[in-house]
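Following: one structure in structure tokens, then a few remarks.
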Amino acid sequence: MTKYQKRPLIIDTDGGVDDALAMIMALNCDQLDLKAITVVAGNIDVDQATNNVLRVIEIVQPQQLPLVAKGAKKPLLRPPLNAAGIHGADGLGELSQFKNADGSPRYPQLTLEPSSEDAINVLLQAAQEYGSELTIVTLGPLTNIATALQRDRTTLQKVGRIVIMGGAVKVSGNISPAAEFNFFVDPDAAQVVMESGIPLTVVGLDVTMKVTLPLQDLENYAQKQSSLVSQFMIDCTGIYMAFYRDNEDFFGCYLHDPLAMGVAIDPSLVSTESVYMVVETEGRFTSGMSLADLRARRDESTFPPNVDACLGVDSDRFMKLFYSLVHSRD
Ligand code: BDR
Ligand code: CA
């Protein structure tokens with residue numbers, strides 16, 4: 001029996017383009033009670049990522065504003081690595097380039113501000129208050145979650161589940177042949193989370209690269225549903241989609257983070273396998289690789305399953321959910 005009418009949720013994000021699309025979904029989802037958005041360095045530095053989160057909230061204008069709290073400035077043990085080359089210099093498609101007909105900025109100065117509270121405290125307080133009812137969805141490197149575990153493991157272990165966008169089980173990586181970006185940026189943190197004992201759903205490239213948003217589809221959608229949200233979706237994805245046009249020969253983008261959000265909303269969108277997963281923290285060529293024990297004869301006492309890894313996805317059903325949640329409130 002659940003105590004809450006809506007499911008309490010926290011998003012931990014590194015403020016990039018697909019993160020923005022995932023946040024729009026959550027801010028519009030009536031089944032969720034989005035308590036807070038905690039921010040981590042990844043796609044872009046943590047200050048800019050925080051501004052990007054506030055930007056998305058200002059555009060969606062939800063009835064209830066989630067608290068926004070800044071977290072880790074860099075990975076646990078390594079120097080930061082950003083993805084500005086893919087997400088744009090601001091991490092969000094370089095929004096300052098867009099102007100209204102009268103020349104004024106389409107995305108003016110932000111009016112919202114982040115909370116003065118530290119993201120790690122926000123995560124721990126929410127774990128304490130909502131316990132097993134709370135889901136955390138992570139859309140960036142796992143530095144904040146690992147830091148919360150290191151600060152107070154017992155309290156963070158109270159959460160019901162963490163849905164993680166990261167890793168690649170049976171497919172190649174994206175930032176390297178072996179590793180997916182979020183695990184590559186902070187493999188030490190990812191491994192701390194793998195060992196947390198918290199129920200984990202890993203939404204990796206096996207499934208996220210099966211959900212794509214072609215530019216043409218987005219343009220058709222924006223034409224039918226003209227709003228600030230659909231205009232923002234076109235604007236923020238421009239540089240991101242151009243990257244895939246130039247590098248992977250399709251004009252559109254993967255919906256990595258939106259799929260993780262979709263799985264948090266409706267776990268039946270994916271099929272999962274319960275596996276033992278570790279993240280390589282030392283490999284010369286394999287740093288950040290998620291290694292799942294898929295052997296038929298594995299010894300479950302030595303390699304106990306710690307993760308529900310997503311291996312299949314109903315892409316059509318996910319896209320329906322996606323389009324139903326990226327609307328505007330005006
Ligand atoms: C992940 O990397 C980031 O650049 C995206 O936002 C997503 O979270 C995909 O590998
Ligand atoms: Ca992300």
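The rows are residues; the columns are (1) touching a Lys or Arg at 6+ places or on another chain (Cβ under 9 Å); (2) closer than 26 Å to ILE239 by Cα; (3) within 13 Å of ligand 1 (Cβ to nearest atom); (4) not β-branched (Val, Ile, Thr).
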residue	(1), (2), (3), (4)
PRO8	yes, no, no, yes
GLN31	yes, no, no, yes
LYS35	no, no, no, yes
GLN48	no, yes, no, yes
ASN52	no, yes, yes, yes
ILE59	no, yes, no, no
LYS74	no, yes, no, yes
Next item on the list: Would you check if ALA168 is more than 20 Å from PHE318 (Cα to Cα) and under 16 Å from the mean Cα position of the chain (by Cα)?
Entry: no
Checklist line | Hits in segment 320-330 - residues which are more than 17 Å from the chain's Cα centre (by Cα) and either at pLDDT 95 or above or over 15 Å from MET233 (Cβ atoms) (or both) | finding: LYS320, TYR323, SER324
Check: Looking only at segment 249-289, which residues are within 16 Å of ligand 2 (Cβ to nearest atom) and β-branched (Val, Ile, Thr)?
Finding: VAL263
Notebook entry, point to check: Quick one: VAL56 ticks every box in (1) of a type outside the set (D, E, K, R); (2) assigned to a loop (DSSP other than H, G, I, E, B); (3) at pLDDT 95 or above; (4) closer than 26 Å to SER324 by Cα bar one, so which box is it?
Noted result: (2)
Margin query: Taking the conditions exactly as written (surrounded by 24 or more Cβ atoms within 10 Å (Cβ to Cβ), without any contact (Cβ under 8 Å) to a residue 60 or more places away in the chain and not in a strand (DSSP E or B)), does ILE24 satisfy them or not?
Written below: no
Next item on the list: Among the numbered conditions (1) surrounded by fewer than 17 Cβ atoms within 10 Å (Cβ to Cβ); (2) on the phi < 0 side of the Ramachandran plot, tell me where ASP249 comes up short.
Entry: (2)
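Residues checked against (1) buried (at least 24 other Cβ atoms within 10 Å of the Cβ); (2) not basic (Lys, Arg):
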site: GLU94; (1), (2): no, yes
site: LYS99; (1), (2): no, no
site: LEU112; (1), (2): no, yes
site: ASN121; (1), (2): no, yes
site: ILE136; (1), (2): yes, yes
site: MET165; (1), (2): yes, yes
site: SER172; (1), (2): no, yes
Item checked: Residue that is farthest from ligand 1 (Cβ to nearest atom), among those in segment 184-234 that are over 30 Å from LEU149 (Cα atoms) and not in a helix (DSSP H, G or I) -> SER226
Note to self: Within segment 33-42, does at least one residue satisfy the condition of being touching a Gly at 6+ places or on another chain (Cβ under 9 Å), assigned to a loop (DSSP other than H, G, I, E, B), of a type in the set (A, V, I, L, M) and closer than 26 Å to VAL211 by Cβ?
What the structure shows: yes
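The values are calculated or read from the model by the stated rules, or taken from the named source; none is laboratory data. Because the structure is predicted, anything quoted here is derived from the model rather than measured. No Cβ is skipped: glycine too gets one built from the backbone with ideal geometry, and neighbour counts run over all protein chains shown.
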